[in-house]
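Visitor: There's a structure below that I have some questions on.
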Amino acid sequence: MGAIRYYSTNRNISEPGFVPFKGLVSFKEALIVGQAPDAGLFMPERIPNISKGELEDLRGRRFFEIAHSVLDKFLYGDIESDHLLKLCKEAFNFQVPIERVYDRKFIMRLDRGPTASFKDFAARMMARLMGALKDQDKILNILVATSGDTGSAVGEAFKGVKGINVFILYPEREVSGRQKKQLDTIGDNVTTLSVDGKFDDCQNLVKMAFQDKDLSSLNLTSANSINIGRILPQMIYYFYSYLEKSEEGEPVIVSVPSGNFGNSLGCEFSRRMGLPVHKLIMAVNENDEFPTYLSTGKYNKLSPSKACISSAMNVGHPSNLARFFELYGGTVDKSGKVHKYPDLNKMKSHLFSTTISDQMTRDTIKRVYENYNVLLEPHGAVGWAGLESYIAQYGDFPLCISLETAHPAKFPEEIKSLLGFEPELPESMKDVDRRQGQPIRIENDYLKLKNFLKKNLENK
Ligand SMILES: *Cc1c(COP(=O)(O)O)cnc(C)c1O
């Protein structure tokens, strides 16, 4: 079989004036352009299989070796296997602790990367794949608008990747002091622009730059969360934790605190490859459009989204819902309009979703700490509460793994008010406190940004 190609989730939409993209592109093209020409999301034409024997052969292997074996099945024919191994080793160079809560119920901590969030896994691998697959004689310029954590994960991930420059725009007054320090001090090939405006202004500036014909020679690229290059690396820790904790052939229940559903999609892909996931729990905060869909069969996006304490999951229409619908035979576009409903019963046989209020989130942080001495932050607490809610409804299950997606030290006030102490900073965050750096400040004015890009990009 040849290399896997990628199609658009919008390819079957027929509407007056809409031009669906019916083609197939290579992984490289999907990675570099990010989104299909019809604004759909790229999907692999097939999901490769991992046999029981192959899975068992990976038992006891190191994280980067498992990453290599899993990703090689997707990227075979796109990137040389030895080269991929090297990239995996570079990208996944931090710990992935799996902590027992009780019996065989575990918390997997995905918070030991450079920005203490699970987004480091995807961003670090995507950065290296882009570095390896881009035209080697060209410089790629990545432009991103961020309201906080995504920007720093992307910035840190690309730091030092040759042939790629990154420009991050953030709203000066809408990031926390720590986020600002983290963004401003990345350095090297990563430049941060502190914009005198709101997050929406930053997004608009970036959008205008992408549409500006005068800048088309600058090889501008995005690195947003819908890129397929960010989904594939989010499969690895499901394999890893399974191989660390399961008996041969044993099924597992996985609970994922979810916002845009990229992380849970990594689990769904893993299951379709052959990982024995009995149920994927997609735990959401008070933005409950997905559990409501599963129980009623009608999908309505939430607009505006609700501001909950698990702030990275405040999403009223998950961008990767389009990929989930696609996998179960449906189509939804990015405005939230359903063109075809998926097979709901089939979906419910594999997926469970539940909404966790802020009050339940806080109670969970307190209770899990007091009963089990396990420290969670709001996102991880939503995941754990989702697992508890599943068990309360369907009974106990021997092996369960719930994901912690950020480090508790990122939420010092919340933890302090609930538990009376501030969590200790992980090494990566201590480093940030010691770093020096200055952002470039710009006004909320497209011409200023354009001049800046022309001057700084053409010189490189
Ligand atoms: C982004 C994020 C999530 C949500 O992940 P999705 O892939 O968008 O579902 C959960 N927790 C944290 C800490 C995040 O940063």
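We did not get these values from a lab; they are worked out from the coordinates using the rules stated. Since this is a predicted model, take the numbers as computed values, not measurements. When we count neighbours, we look across all protein chains shown, and the Cβ atoms used for this are built from the backbone with ideal geometry, even at glycine.
Visitor: In nm², what is the average projected area of the convex hull enclosing the Cα atoms of the chain?
Guide: The Cα convex hull of the chain, projected and averaged over all directions, gives 21.3 nm².
Visitor: If amide hydrogens are placed 1.01 Å from N in the peptide plane, which non-local residues have theirs closer than 5 Å to the one on residue 92?
Guide: Close amide H contacts, sequence-distant or interchain: none at all.
Visitor: Could you work out the relative contact order of the stretch 222-306, using alpha carbon pairs under 8 angstrom and six or more residues apart, expressed as a whole percent?
Guide: Once divided by the residue count of the stretch 222-306, the mean separation gives 27 percent.
Visitor: Rounded to whole Hz and in sequence order, give me ³J(HN,Hα) for the stretch 10-17 from the Karplus expression 6.51 cos²θ - 1.76 cosθ + 1.60, θ = phi - 60°, writing x for Gly and Pro.
Guide: Along the stretch 10-17, the couplings run 9, 4, 9, 6, 10, 8, x, x Hz.
Visitor: Further question: Starting from the amide H of residue 281, placed 1.01 Å from N in the peptide plane, find each other amide H under 5 Å away whose residue is 5 or more places distant or on another chain.
Guide: Amide H neighbours of residue 281, under 5 Å, 5+ apart: 254, 255, 256, 352.
Visitor: Now for a different question. Per 10 Å bin, what is the whole-percent P(r) computed from every C-alpha pair distance within the stretch 348-451?
Guide: 12, 33, 22, 17, 12, 4, 0
Visitor: Arrange 255, 311 by Cβ neighbour counts within 10 Å, fewest through most, would you?
Guide: So the residues, fewest neighbours to most, are 311, 255.
Visitor: On to the next question. Which value, in debye to the nearest 20, gives the size of the charge dipole of the stretch 132-203 about its Cα centre, when Lys and Arg are +1 and Asp and Glu are -1 at the Cβ? List each step's numbers first, then the result.
Guide: Numbers: 9 positive and 11 negative charges, 42 e Å.
My answer is approximately 200 debye.
Visitor: Averaging sequence separations of C-alpha pairs under 8 Å and six or more residues apart, then dividing by the length of the stretch 290-365, give the relative contact order as a whole percent. Display every interim value, and only then the final one.
Guide: Working: 71 pairs, mean separation 19.7, N = 76.
RCO, the stretch 290-365: 26 percent.
Visitor: When only C-alpha pairs under 8 Å and at least 6 residues apart count, what is the relative contact order of the stretch 175-281, in percent?
Guide: Reported relative contact order: 22 percent.
Visitor: For the stretch 353-435, run through the chymotrypsin sites (Phe, Trp or Tyr not before Pro) and keep only the ones in DSSP coil with at most 15 other Cβ atoms within 10 Å of their Cβ.
Guide: Passing sites in the stretch 353-435 are 421.
Visitor: Same structure again: Quick one: work out the % antiparallel among DSSP beta bridges in the chain, nearest 5.
Guide: Bridges in the chain are about 25 percent antiparallel.
Visitor: Convert each backbone phi in the stretch 31-38 into a coupling constant with the Karplus relation 6.51 cos²θ - 1.76 cosθ + 1.60 (shift: θ = phi - 60°), then list the ³J(HN,Hα) values in order as whole Hz, x for Gly and Pro.
Guide: My calculation for the stretch 31-38 gives 5, 6, 7, x, 10, 5, x, 9 Hz in order.
Visitor: With runs of 4+ DSSP H residues as the only contributors, calculate the mean residue ellipticity of the chain at 222 nm using -39,500 (n - 2.57) per run, divided by the residue total and rounded to the nearest 500.
Guide: Numbers: 19 runs with 192 residues, N = 460.
Rounded to the nearest 500, the figure is -12500 deg cm²/dmol.
Visitor: Something else about it: Just want the ordering: 1, 273, 282, from fewest to most Cβ atoms lying within 10 Å of their own Cβ.
Guide: Ordered from fewest to most neighbouring Cβ atoms within 10 Å, 1, 273, 282 come out as 1, 273, 282.
Visitor: What spacing in nm lies between the two simple spin-label points modelled at residue 427 and residue 224, each 7 Å away from Cα in the Cβ direction?
Guide: Taking the simple label geometry, residue 427 and residue 224 are separated by 3.6 nm.
Visitor: Taking the stretch 1-112, how many lysine pairs are there with alpha carbons less than 29 Å apart, if each pair must be eight or more places apart or span two chains?
Guide: Eligible lysine pairs with Cα atoms under 29 Å apart amount to 11.
Visitor: What ³J(HN,Hα) values, in whole Hz, does the Karplus curve 6.51 cos²θ - 1.76 cosθ + 1.60 give for the stretch 216-222 when θ = phi - 60°, with x put for Gly and Pro?
Guide: My calculation for the stretch 216-222 gives 5, 7, 8, 6, 6, 9, 9 Hz in order.
Visitor: Something else now. Fewest first, what order do 256, 33, 166 take by the number of other Cβ atoms within 10 Å?
Guide: 33, 166, 256
Visitor: Once fully extended, how much extra length lies between residue 19 and residue 135, figured as 0.36 nm per residue of separation less the alpha-carbon to alpha-carbon distance?
Guide: Value of the extension gain: 38.9 nm.
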